1. P(r) of chain B in 20 Å steps, Cα pairs, percent per bin?
2. Gap in Å between the Cα centre of the range B:130-150 and the Cα centre of the range B:269-288?
3. Please give me the summed charge of the neighbours of A:ILE163: other residues whose Cβ is under 14 Å from its Cβ, Lys and Arg +1, Asp and Glu -1.
4. Give me the lysines in straight-line cross-link reach of B:LYS177: C-alpha distance below 20 Å, same-chain residues under 8 apart excluded.
5. So how strong a dipole does the protein assembly as shown carry about its Cα centre when Lys and Arg Cβ are +1 and Asp and Glu Cβ are -1, to the nearest 20 debye?
6. Provide the net charge surrounding B:ASP293, with neighbours chosen by a C-beta distance below 12 Å and charges set as Lys +1, Arg +1, Asp -1, Glu -1.
7. Could you give me the ³J(HN,Hα) list for the range B:49-58, computed from phi with Karplus coefficients 6.51, -1.76, 1.60 and θ = phi - 60°, whole Hz, x at Gly and Pro?
8. Find the centroid of the Cα atoms in the range B:165-243 and in the range A:102-166, then give the distance between the two in whole Å.
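Read the figures in this text as sums done on the coordinates, not as results from a lab. Values in this document were obtained by computation on a predicted structure and should not be read as measured data. Cβ placement follows ideal geometry from the backbone for every residue including glycine, while neighbour counts extend to all protein chains displayed.
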Amino acid sequence: MSNVCEDHIFSKVFKTHSKTVFNFIFYKFGNEEKAHDAVQEAFVKLWQNCAKVSPEKAKSYVYTVANNLYLNVIKAEKVRLKHANSLSNDRTNESPEFLMEEKEYKEKLDNALNALPDNQRTTFLLNRIDGKKYAEIAEMEGVSIKAIEKRMHLALKSLREHIDGI
Amino acid sequence: MQENYLAKWLSGELSEEELREFENSPEYASYKRLKDATSGLQAPEFDPDLALQRLKEKHIYNTPKVISLNPFKKFLRVAAVVAILLVGSYFYVSTLNEKVSTAYAERSEVVLPDNSEIFLNADSQVSFSKKNWDNKRNVDLKGEAFFKVAKGKKFTVSTEHGTVAVLGTQFNVENRKDFFEVTCYEGLVRVTHNNQETKLPAGTSFLVINGKIVDDGMPSGSLPSWMNNESSFESIPLKYVFAELERQFDIKVSSKNIDTNLLFTGSFNNTDLDMALKSISTPSKTNYRVKGDNVLFYAGNTP
């Protein structure tokens, strides 16, 4: 039986899940440094308990540890994300008005994202940025798929209302 | 529109009809733009290789890894128990005595490790330790048996009435309820009864009935009579004769109006019940009646 205590298994688990753990914490608290620390903490705990955690359980183990780490400890900060210029990539000639409007929209989006409750923002971004399926997010958060769909729905609704100024 | 339709729309789970309805709604354009804009979002840089390296250097190589030793400990525990059981049962089994017994109307012959022989009469039992035989030639006896003991160290027969010790000889021990008789046919036998030692040379016997030592006659022949399928008695209370009859033929003997303490001298055949009954009834002046496995001895004419 493979064991997380074996170096190559541990490294594989780390490479597969560390980025998501990082993003998961970052989306929640908007703090990059804390997200880095959470990755370290979660995987150190996994290493220390490697004999007790099977490779199949390792994934949910690190999410749980990371999630519990800052529970009620730190206050969420502003989540700063980079915007790819995907909208303008295929356009060669953009008017200054258009660029201006684009910039404004991104700002509104940033504000709207930060105005979301932590769990809605985390769910929304894990889906939009990391391409995580609702089922996977449900597993990370330890809630039902239905609850994640609810969060997604509410997140979209709030974002649109915030951006459109309703 | 179904519940959480915005989530379903993002994951492409809306039906065509629902999708068309949603696309025609006034807010669709806003959602479409939101979808496009968020698809270009990027999380901060994270380099898993670098993070792993940092983790290993900072924490893992400096932290003793906690490896539970439980599985091995458990294995050791089980192994220890198994070992103890094996050793224990080996010693137990090796101290267990060999046991040979006979039922009513049954005979048996036992050859001991030193080629000494034991002939078991009906309803008797001998047990001895095969493993320890060379150190201690001891046989526990219940009932009656004839011994042909090979020459060697002291050979002991233990009974509840006393012990019989010999060096090498042939003798018979009968050990029944309230009845203990040792007859020596060859050599010398030492009988210990109630801490009293009696030396029994060949051709003599030692008899205790009801705790009283009784003067016994000389045995005839070189073998106990039962070895020749005959039970013989010399001045033995009738009740012991009846008991022997029961053992030899596996029957139930009862009596009526008869003093079973009367002494009987005579013998009966161990193979023919009819003859045996006559052999007892004639000299004791009694009558008998057979009913299946039951025999009733009675005095006079009426049962």
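1. 24, 29, 11, 7, 10, 16, 3
2. Result: 34 Å between the Cα centres.
3. Every neighbour counted, the sum reads -1.
4. Cross-link targets: B:LYS142, B:LYS212, B:LYS239, B:LYS252.
5. Magnitude of the dipole: close to 1100 debye.
6. 0
7. 4, 5, 5, 5, 4, 4, 4, 5, 5, 7
8. Centre-to-centre (Cα) distance: 107 Å.
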